[in-house]
Amino acid sequence: MAKNLSPPLVRLHWDVTKSCNFRCSFCGVDAGLPLTGELSRSDRLNLIKEASFFGVRMIRLMGGEPYACHDILDILRLSAKHKMLLLFSTNGSLINDEAFETLSSIKRWLRYVQVSLYGTCEEEYETVTGGLGRGRFKSVCKNIKRLASVGIHPTIHAVLTPDNCDKISEFAKIAADCGAKALRVSPAKSAGRAAKHKGICLSRKVFYESLHSALEAGQLPIPIEVTEYPLFADYLEKRLPIRVERLGCSASLSEIYIDADGSSHPCPFGDEGCSSSVNGAVQAQSRLSFPEMSLEEIWLSPRFNAFRETHTQIVRKGEHAHCKYAKNGTCQPCPLSDRSCISAIKSLGWESRKQGERYV
């Protein structure tokens with residue numbers, strides 16, 4: 001019988017490995033080699049069993065490249081056996097026949113499948129992947145089509161940089177031809193390996209201007225998706241023919257993060273420096289780790305509780321305090337950022353300050 005925690009633990013965000021067969025210039029986690037001391041097969045499977053026992057109903061499998069993990073198919077099968085919904089992102093290059101058979105057999109549990117596409121041709125693909133993706137562009141497209149042929153229609157993800165932000169329509173055509181259900185675009189951000197490459201990142205303003213230009217040039221053959229907080233999402237959908245997935249921060253509120261070596265943090269992006277109370281908890285309890293600690297011990301630890309208090313504080317600060325979604329509890333802002341949806345609207349410069357404020 002499952003044991004429900006308080007607050008309820010609903011979702012596991014798990015970087016199953018930091019290993020990756022590519023070295024993409026904009027990688028936000030600097031993936032490549034596996035971490036020292038990554039979880040063993042038995043620990044990985046025990047993590048799923050324990051997550052199920054404590055009420056987790058959804059697992060987000062990330063990396064690195066999940067299919068670079070030798071245990072990934074066992075992880076997928078066991079998660080499905082425990083009736084957990086699965087969300088995962090892959091570069092699509094390592095999906096072999098056995099992987100296709102596994103995915104086909106558990107497709108009722110696949111909530112969201114994302115395949116990253118690193119270029120619109122072989123040359124671009126090879127350049128972005130650090131030379132390790134040579135000859136993989138066509139095979140990845142073939143794998144996407146094969147997924148679609150068994151009823152798994154993935155979302156294609158394209159990270160936009162100054163070098164490719166004018167190729168949204170080309171990405172959209174490839175995604176449509178491969179049988180994807182949508183094209184998700186996002187700007188390269190200064191994190192991980194991308195932070196080491198000058199000029200690779202896009203500002204929000206340049207990103208949305210590029211998207212606006214692609215949409216103005218003609219109707220795209222597939223839905224375009226972006227991910228933003230609700231107030232900014234409302235604003236965008238009134239101005240652009242795109243689908244905006246609403247997000248809110250669930251770190252420590254309903255979601256736990258586990259890294260490839262079992263270490264845990266309230267947030268995948270870290271928690272140091274976001275508040276004095278969290279800093280104190282970090283110093284007092286510097287390492288949270290599975291299986292040395294149970295998920296229950298991690299979830300109820302002082303460090304997680306301190307991060308939850310930061311959630312409570314952030315909704316009262318600055319422009320967040322005036323957001324209708326933050327005020328009615330339907331959106332939880334990110335505790336690690338002072339930026340609000342109102343700031344995001346203003347940063348686009350599409351209308352006056354007064355007009356932007358009326359969306360509060």
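The values are calculated or read from the model by the stated rules, or taken from the named source; none is laboratory data. Small disclaimer: the values here were computed from a predicted structure and weren't measured. Virtual Cβ from ideal backbone geometry, glycine too; neighbours counted across all protein chains shown. Note: accessible area is taken over every heavy atom of the protein model, side chains too, but ligands, DNA and RNA are not part of it. Shrake-Rupley method; radii C 1.70, N 1.55, O 1.52, S 1.80 Å.
Listed cross-link partners Lys18/Lys49; Lys173/Lys238; Lys145/Lys167; Lys83/Lys238 are compared with a 32 Å cut-off, the Cα-Cα value being larger for Lys83/Lys238.
Charging the Cβ of each Asp and Glu at -1 and of each Lys and Arg at +1, and nothing else, the dipole of the range 224-263 about its Cα centre rounds to 320 debye. Ranked by the mean number of other Cβ atoms within 10 Å of their residues, highest first, the peptides 16-28, 115-127 fall in the order 16-28, 115-127. Protection proxy ranking for 296-309, 62-75, using the average of other Cβ atoms within 10 Å per residue and placing the highest first: 62-75, 296-309. Only one residue of Pro8, Ser105, Leu47 has its Cα farthest out toward the positive end of the dipole of the range 1-156, where Lys and Arg carry +1 and Asp and Glu -1 on Cβ, and that residue is Pro8. For the range 53-143, the share of accessible area belonging to carbon and sulfur comes to 50 percent (1.4 Å probe, ligands and nucleic acids excluded). When the charge dipole of the range 1-157 is built from unit charges on Cβ atoms (+1 for Lys and Arg, -1 for Asp and Glu) and taken about the Cα centre, the candidate among Thr120, Phe137, Ser89 whose Cα reaches farthest toward its positive end is Ser89. Over the chain, the pair-distance histogram of Cα-Cα distances with 20 Å bins from zero comes to 27, 60, 12 percent, rounded to whole numbers. In a simple Cβ point-charge model (Lys, Arg +1; Asp, Glu -1; nothing else charged), the chain has a dipole of about 860 debye relative to its Cα centre.
Charging the Cβ of each Asp and Glu at -1 and of each Lys and Arg at +1, and nothing else, the dipole of the range 87-230 about its Cα centre rounds to 380 debye.
With both labels modelled 7 Å from their Cα along Cα-to-Cβ, the Ser203 to Glu309 distance reads 3.8 nm.
Across the range 87-145, Cα-Cα distances exceeding 13 Å account for 63% of all pairs. With a Förster radius of 41 Å applied to the C-beta separation of Ser42 and Phe100, the computed FRET efficiency comes to 0.95. Out of every Cα pair in the range 1-141, what percent are spaced more than 25 Å from each other? Across the range 1-141, Cα pairs with separations above 25 Å total 31 percent. Of the trypsin sites (Lys or Arg not before Pro) in the range 111-145, the ones in a loop by DSSP (not H, G, I, E or B) with at most 15 other beta carbons within 10 Å are Arg134. With all pairs of different C-alpha atoms in the average, the Kirkwood value for the hydrodynamic radius of the range 99-193 is 14.0 Å.
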